[in-house]
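The structure appears below as structure tokens.
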Amino acid sequence: MVERNERAGQPATQADLVDVPRLVTAYYAEHPDPADPAQRVAFGTSGHRGSALRLSFNDDHIAAATQAICDYRRGAGITGPLYIGRDTHALSEPAFVTALEVLVANDVAVLADSRDGYTPTPAVSLAILAFNEGRAAGVADGIVVTPSHNPPEDGGFKYNPPDGGPAAAQITAAIQDRANELLAGGPGEVRRTGYARARAAAGAHDFLGQYVSALSSVVDLDAVRSAGIRIGADPLGGASVAYWGEIADRFGLDLTVVNQEVDPTFRFMTLDWDGRIRMDCSSPYAMASLIARRGDFAIATGNDTDADRHGIVTPGAGLLNPNHYLAVAIHYLYRHRADWPADAAVGKTMVSSSIIDRVAEAAGRRLMEVPVGFKWFVPGLLAGTVAFGGEESAGASFLRRDGRAWTTDKDGIILALLASEITAVTDRTPSEHYDQLTARLGHPAYARIDAPATREQKAALARLSPDQVGATELAGEKILSLLTTAPGNGEPLGGLKVITESAWFAARPSGTEDVYKLYAESFQGPDHLARVQAEAQEIVQTVL
């Protein structure tokens, strides 16, 4: 198990800050070794992430990945514009420049922010869906340059296809393989033009104006304004920084942007659990500054740097556990959205709390449980067969009030605003609602820990079948289900989930470290949860 750093939750010092000039120099001056797996393009659902200081996020990577996206677009017949946005990380601007040079050289019609500002992930998703509505050909797609909540030295680069959501595995695999082929000097070339020509050729799109003007179609901001809910919004130095002020002005909200500073070192942050700077709005350590001001606002919220995640702070409870808020949001929305399809399901991932299962059942709604990854909710959100999709890592999106799709990528801004709507309409904060839910449906104890695993053991865990598990009981209860595929869509879980009457655990390998992640929950309290965790590790170790 990992231990908390003694400085977690304390303000960052000069010694904690990344050397931005050195970082950007490394982006351009250093070149990866394609023979080293750690220096190759690894393009997953969240795109490619790494750091120029580790030779895993350099100009070569982004040029190759962008060319691979251009090649994919040609093969898939995608001929519409490509919307591109970037967040506030130090490597996002140079990566944006690299991408623009390659896209324009490949004759892609690029649309960048008309205000030359930062662009949240949900604003790119919304732009794609709005352009593609009613079109069968000439559809648009997008790129977001962001490593999400990762530390300041990291960069990220992700692709959203015409459905507006995170790219599916077959798309990311094709982009990754082609990028690495180019990186290794394989057939073809990276086409590239100069930045001056690329910037002049790029078109402009008002992401902020389009997004903010449509917000009232998804959240009841009239109710928030009428109730006078006092809101504090902390962008954590990220891409939503200009959005929150515009939202306050456009809708007449009593909303204070508690920190409007943008600094690529993120020196204003408090340190996360491991003593590093990380813009994780679901972490009580990274959110310590906002939590300290919880008495100043009826609702305080945070977003990560690309605003696809949310953190909710109330005066009575401080920072809500993401699972708790998801349960409250689902409970509220399915009772206050009369125009949502009556048969629209509740979407959750395999490692989200089972309180969501009970909330869905109480609402008379079908539950769709899928593997980890927001991409699994995209078809349902587009078709209206899933009205809400959420992950335990504080990412979610939901339909507009009239039942139409909003975004098919996670949207931390609407989840943050929803907390104020809930408070305005019900006169209770989300934390008060959660207390009422657990009084009626049971109080779960939930935790995630990391346990050591070799590369071979992680591979074995990802390939498990239920008949490899010999255990019949878990923490004194009969095992009811052994799952290696998701009940909601039949897709592989990439691990194992074991369920009893009042508890469950799920084990899945980490993609970046020599550990497996063990999620567990019990409705019998913390002591029983500890038993579940201990026996779960025994079961997994026996199988491995």
| Which of Phe251, Phe377 has the fewest Cβ neighbours within 10 Å, and the rest in rising order | Phe251, Phe377
| request: Could you please report the charge total around Ser354, scoring K, R as +1 and D, E as -1 over all other residues with beta-carbon less than 13 angstrom from its beta-carbon? | output: -3
| said: Cut-off is 10 Å between beta-carbons; in what order do Thr314, Thr408, Thr119 appear when sorted fewest neighbours first? | reply: Thr314, Thr408, Thr119
| field | Most to least packed among 493-501, 217-225, 159-167, 189-197 [average Cβ atoms within 10 Å] | value | 159-167, 493-501, 217-225, 189-197
| Counting only the backbone N, which residues of region 518-544 are under 17 Å from the spot 7 Å out from the Cα of Leu480 toward its beta-carbon? | 520-525, 529, 532
| Once you list every other residue whose beta carbon is under 13 Å from the beta carbon of Ala26, what net charge do they have if Lys and Arg are +1 and Asp and Glu are -1? | -4
| query | So what is log10(I(q)/I(0)) for region 1-70 at q = 0.17, 0.18, 0.19, 0.26 1/Å, when the Debye sum runs over its Cα atoms only? | reply | -0.76, -0.80, -0.84, -1.09
| field | FRET efficiency estimate (nearest 0.05) - Cβ-Cβ, Ala169 to Asp514, R0 22 angstrom | value | 0.45
| query | Calculated from DSSP H runs of 4 or more alone, at -39500 (n - 2.57) each and per residue, what is the 222 nm mean residue ellipticity of the chain, nearest 500? | reply | -10500 deg cm²/dmol
| Given the convex hull over the Cα atoms of region 129-230, what projected area results after averaging over all orientations, in nm²? | 11.3
| said: I want to verify the translational diffusion coefficient of region 211-441 in µm²/s; compute it with Stokes-Einstein, Rh as the Kirkwood radius over Cα pairs, at 10 °C and 1.306 mPa s. | reply: 91
| query | If each residue's Cβ is checked for other Cβ atoms within 10 Å, how do Cys70, Cys281 rank with the fewest at the top? | reply | Cys70, Cys281
| remark: Among region 476-508, those whose backbone N falls under 17 Å of a label point 7 Å along Cα→Cβ from Thr542 are 476-483, 496-500, 504-507
| request: Count the net charge of all other residues whose Cβ sits under 15 Å from the Cβ of Gly525, scoring Lys and Arg as +1 and Asp and Glu as -1. | output: -3
| request: Return, for the Cα atoms of the chain, the radius of gyration and Dmax in Å, separated by a comma. | output: 22.6, 68
| remark: Kirkwood calc, region 222-270, C-alpha pairs only, radius in angstrom 11.5
| request: For region 445-543, evaluate the Debye formula with one uniform point scatterer on each Cα (no solvent term) and list log10 I(q)/I(0) at q = 0.25 Å⁻¹, rounded to two decimals. | output: -1.42
| remark: Expressed as a whole-number percentage, the relative contact order of the chain with C-alpha contacts under 8 angstrom and at least six residues apart is 13
| request: May I ask you to evaluate 6.51 cos²θ - 1.76 cosθ + 1.60, the Karplus curve with θ = phi - 60°, for each residue of region 114-131 and list the ³J(HN,Hα) values in order in whole Hz, giving x for glycine and proline? | output: 5, 9, 6, x, 8, 10, x, 3, x, 5, 5, 4, 4, 4, 4, 5, 5, 5
| request: Determine the distance separating the Cα centre of region 166-210 from the Cα centre of region 21-35; give it in Å without decimals. | output: 19
| query | Between region 402-479 and region 221-296, what's the alpha-carbon centroid distance in Å? | reply | 24
| said: I need the calculated FRET efficiency for the pair Val425 and Ile449, taking r as the beta carbon distance and R₀ as 51 Å, to the nearest 0.05. | reply: 0.85
| said: Suppose we look only past 20 Å in the calculated P(r) of region 31-205. What percent of the Cα-Cα pairs does that tail hold? | reply: 46
| query | Considering only Cα-Cα distances, which of the following residue pairs are longer than 23 Å: Lys158/Lys497; Lys458/Lys497; Lys410/Lys458; Lys158/Lys375; Lys158/Lys458? | reply | Lys158/Lys497; Lys410/Lys458; Lys158/Lys458
| field | Size-normalised alpha-carbon gyration radius of region 248-303, reference 2.2 N^0.38 Å | value | 1.24
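Only the coordinates and a few stated rules stand behind these numbers; no lab work does. Just so you know, these numbers come straight off a predicted model, no measurement behind them. Cβ coordinates were reconstructed from backbone atoms using ideal geometry, including for glycine residues, and neighbour counts include every protein chain displayed.
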